[in-house]
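See below for the structure under consideration.
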Amino acid sequence: MESWGFSLISAIIGGICTLLGGLLVYYRQSGAQTRQAASVLYYDLKSIESYLKTERSSVNIRYFSEWQSIVAECTFLNPDDVEQLYKIYDLVYDYDYHYRLKEERGAVTKDDISQYKELKKVMFCSSDDGLDLEKYNLKYKKLLETLKNHQKK
């Protein structure tokens, strides 16, 4: 009878250890996915930013088209961050669309595309002289810092 009780306790302990081990692996993998998603978004935003800063670029803007699924993996983002990301990517998508339409008709002047100017305002700081491409808009700066901090955790 005692061996039966011992076997039951051993089985319960083994089950608990297996469950805890599985949870540990799950959370480590989940954390790695979150870090990777934060990294993808961060560097995609930096690429968009670089495009906006290099006025003479003749190619159209490049961005990660699966950004919504990446945002969904960043559970650390607050609603304002998500709203900011949607605003940026909506503007990028619309700009890309209008750029391609104009490109089909000939030369493209970026400043003639309203989404281009709006995107700059969302990412960079306004000053009396116009936009300062060396200073970030506060909301955008906070978003970049949040993404950068979650790449390391």
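So the values come out like this:
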| read-out | value |
| --- | --- |
| Within the accessible area of region 64-130 (1.4 Å probe), percent carbon and sulfur | 45 |
| Where region 25-153 is the region considered: accessible area per residue in Å², 1.4 Å probe | 63 |
| Net charge of neighbours whose Cβ lies under 13 Å from the Cβ of TYR86, counting Lys and Arg as +1 and Asp and Glu as -1 | -3 |
| Computed label-point distance, nm, for sites ASP128 and THR54 using a 7 Å Cα→Cβ extension | 3.3 |
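The values are calculated or read from the model by the stated rules, or taken from the named source; none is laboratory data. What you see is a predicted model; the values in this text were computed from it and never measured. Using ideal geometry, Cβ is built from the backbone for each residue, glycine included, and neighbour counts are taken over all protein chains shown. Only protein heavy atoms, including side chains, enter the accessible area calculation; ligands, DNA and RNA are left aside. Shrake-Rupley method; radii C 1.70, N 1.55, O 1.52, S 1.80 Å.
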